[in-house]
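First comes the structure, then the notes that go with it.
The values are calculated or read from the model by the stated rules, or taken from the named source; none is laboratory data. Small disclaimer: the values here were computed from a predicted structure and weren't measured. Cβ sites come from the backbone with ideal geometry, for glycine too, and all protein chains shown count toward neighbours.
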Amino acid sequence: MPNRAAPIGVWSPAALSAFLSAVLWPALSLGQGDVAQTPAAQQEIITQPVAQPLSAIDWLSDDRLPPDPRLLTPGAPLAGPLPLAEPPVSNTVVTPDVTVTPLDSAGLDAVGLLPASVTGLPLSLWQGSRTLDLVTLIDQPARMGLPAMQALLYTLLLAEADAPLDAGRDSRLLQARIDALMRLGAVEPAQALLERAGPETPALFGRWFDATLLTGAEDTACAALMRAPHLSPSYGAQVFCTARRGNWADAMLTLDTARALEAMPETEGDLLARFMDPELFEDLPLPRAPVRPSPLVFRLYEALGEPLPTAPLPRAFAVADLRDTAGWRAQIEAAERLASSGALAANRLLGIYSERKPAASGGVWDRVAAVQRFDEAIRSGDPEAVAASLPRVWSAMQTADLGVAFASLYSPALLRLALNGQAGDLAYGIALLGPDYEAAAQAEGDAHPDMAFVTALAQGQVDRMAAADPVQAAILQGFTAGGAPAEMAALLSERRLGEAILRTIQMIQRAAQGDTGGLADGIATLRAVGLEDTARRAALQLILMDHRG
């Protein structure tokens with residue numbers, strides 16, 4: 001059985017590297033196996049990525065890097081004397097006209113975890129767009145269901161890129177990217193992005209504080225808050241952190257003052273009072289939990305012995321259930337919820353599935369049993385056992401929107417077994433959803449004539465693609481288009497690449513919900529900017545995962 005990853009509360013560079021390499025692989029294979037030659041001007045829009053794994057990102061692996069000085073006490077003097085100025089070399093001085101932009105005015109919007117050498121996206125990704133337009137696109141509710149588009153969105157949200165030309169000091173684009181990561185449940189990358197930027201403003205610190213409460217790293221945030229109290233996002237955070245640092249008298253004074261001024265939500269104040277003096281309220285019930293608790297309120301209920309279920313809460317709260325303090329069922333449900341949005345690596349999901357044998361049946365336990373039975377069959381190398389268990393486990397994983405995660409785990413092993421009949425057709429379809437879809441099509445495509453369209457699609461052989469339904473027709477139209485549609489071409493010509501990709505993601509995600517009106521244009525745009533691999537993956541997923549309806 002695979003090993004479990006480190007507890008979620010222990011955030012490390014290795015854990016983030018594993019997330020980036022396992023979750024983002026579909027979106028980071030740019031320009032692979034082009035179906036048609038793109039014009040030279042369009043090819044320059046996106047550079048080819050280097051064949052370097054995400055785990056090789058410098059700042060994730062270099063233990064020699066010093067801690068970010070922005071998280072230390074502000075105002076510390078520079079160490080050592082300033083270097084001596086050079087003697088003048090001219091008797092005259094000519095002062096040129098220059099435009100001065102403070103380094104900190106828009107620098108935070110440029111912060112990312114993935115350098116351009118990894119994403120293949122240019123540093124000018126956002127520059128031609130207005131900040132408000134980008135924030136509006138990013139803030140729109142994410143349409144779930146198409147892993148290729150989710151992976152591409154993660155790449156955009158985590159990419160290093162220059163800030164828009166109109167970016168100010170308020171870091172609105174960075175805040176929008178962090179909020180989108182939190183909505184998807186990618187709390188750990190959001191926390192790492194904030195730590196990379198340096199949470200030096202109340203807006204960024206508040207988001208960092210919320211993220212650490214969910215990952216169990218709140219002691220780090222509280223220590224920073226005690227050094228810089230002006231960053232406190234609320235009285236509640238100040239009281240909580242003061243108490244966590246052992247200064248109970250100051251914490252109680254702040255709490256009493258905030259409640260007297262009615263500057264704190266009533267439920268939060270009641271919970272903090274119980275948190276600091278539980279014996280005083282020993283025989284009293286806890287206040288009723290709000291429908292949408294803050295991460296602080298959520299952690300206070302947990303600290304008081306009545307943890308809230310995460311299922312009805314936003315996806316980010318599911319991260320808290322990955323800790324060892326949660327029961328196995330809660331961990332499984334949280335892992336499935338996060339894996340379905342691409343926020344959890346498939347191998348980590350399998351590790352949680354494999355911890356022990358289910359002691360019950362029905363619902364999630366049937367899925368766990370199906371995965372364990374299939375995993376044992378794969379490990380045994382018995383084709384008959386694999387063929388017998390494959391239909392049930394595939395149906396179970398499809399029901400949980402985990403088909404692509406399953407394919408990423410097992411498609412190579414399924415191809416090696418060379419199954420026959422219906423099991424063979426199913427195994428081939430699963431292989432086309434995996435990372436080596438093109439190799440699978442080349443090796444096994446001729447044995448599956450009924451799947452000729454997806455075989456040709458996987459290999460980029462447009463001339464062999466004969467559409468059999470409206471979805472396939474739209475996909476074919478996108479792959480035979482001469483370039484991006486006029487609207488997208490205009491955005492690209494104005495250096496608004498990131499905005500064009502965000503709009504394209506929305507068009508293709510709508511196709512996964514049954515609206516295929518923009519599907520052809522979306523695929524054509526992806527190919528025009530060099531995202532050939534992503535275009536193929538999206539098309540294969542639309543057909544093989546049956547997202548329509």
Notebook entry, point to check: Filtering the range 375-384 down to residues that are under 20 Å from E355 (Cβ atoms) and over 29 Å from the mean Cα position of the chain (by Cα), which residue is surrounded by the fewest Cβ atoms within 10 Å (Cβ to Cβ)?
Noted result: R379
Note to self: I need a count of the residues in the range 216-247 that are within 28 Å of the chain's Cα centre (by Cα) and of a type in the set (V, I, T).
What the structure shows: 1
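From the list A176, A142, A148, A161, which residue is among the aliphatic types (A, V, I, L, M) and modelled with pLDDT under 95? Walk me through how you get there before you give the answer.
On the way: A176 fails: modelled with pLDDT under 95; A148 fails: modelled with pLDDT under 95; A161 fails: modelled with pLDDT under 95.
The match here is A142.
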Notebook entry, point to check: Is one or more of the residues making up the range 268-280 surrounded by fewer than 20 Cβ atoms within 10 Å (Cβ to Cβ), of a type in the set (A, V, I, L, M) and under 30 Å from the mean Cα position of the chain (by Cα)?
Noted result: no
Notebook entry, point to check: Can you name the number of the only condition in (1) among the polar types (S, T, N, Q); (2) touching an Asp or Glu at 6+ places or on another chain (Cβ under 7 Å); (3) closer than 23 Å to R356 by Cβ that Q459 fails?
Noted result: (3)
Margin query: Suppose we filter the range 296-314 for residues that are touching a helix residue (DSSP H, G or I) at 6+ places or on another chain (Cβ under 6 Å) and under 18 Å from R337 (Cα atoms); how many remain?
Written below: 2
Item checked: Pair list, Cβ under 9 Å, 6 or more apart: the range 337-365 residue free of Cβ contacts under 8 Å to residues at least 40 places away in the same chain, other residue small (G, A, S) -> Y353/A335; K357/A369; P358/A369; S361/A369; V364/A400; W365/A359
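Conditions tested, residue by residue: (1) at pLDDT below 95; (2) crowded, with 16+ Cβ neighbours inside 10 Å; (3) in a loop (DSSP other than H, G, I, E, B); (4) among the small types (G, A, S).
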{"residue": "R348", "(1), (2), (3), (4)": "no, yes, no, no"}
{"residue": "I352", "(1), (2), (3), (4)": "no, yes, no, no"}
{"residue": "R356", "(1), (2), (3), (4)": "yes, no, yes, no"}
{"residue": "S361", "(1), (2), (3), (4)": "yes, no, yes, yes"}
{"residue": "Q372", "(1), (2), (3), (4)": "no, yes, no, no"}
{"residue": "V386", "(1), (2), (3), (4)": "no, yes, no, no"}
{"residue": "D401", "(1), (2), (3), (4)": "yes, yes, yes, no"}
{"residue": "S408", "(1), (2), (3), (4)": "no, yes, no, yes"}
Item checked: Within the range 470-515, helices (runs of 4 or more DSSP H) holding 3 or more residues that are at pLDDT 95 or above, of a type outside the set (V, I, T) and under 27 Å from the mean Cα position of the chain (by Cα) -> 486-493, 497-512
Next item on the list: Output the residue which, of all residues in the range 410-456 that are within 24 Å of R348 (Cα to Cα) and surrounded by fewer than 19 Cβ atoms within 10 Å (Cβ to Cβ), is nearest to the chain's Cα centre (by Cα).
Entry: P435
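When you look at R337, is it surrounded by fewer than 21 Cβ atoms within 10 Å (Cβ to Cβ), basic (K, R) and within 30 Å of W208 (Cα to Cα), yes or no? Full working, then the answer.
Details: surrounded by fewer than 21 Cβ atoms within 10 Å (Cβ to Cβ): no; basic (K, R): yes; within 30 Å of W208 (Cα to Cα): yes.
Criteria not met by R337.
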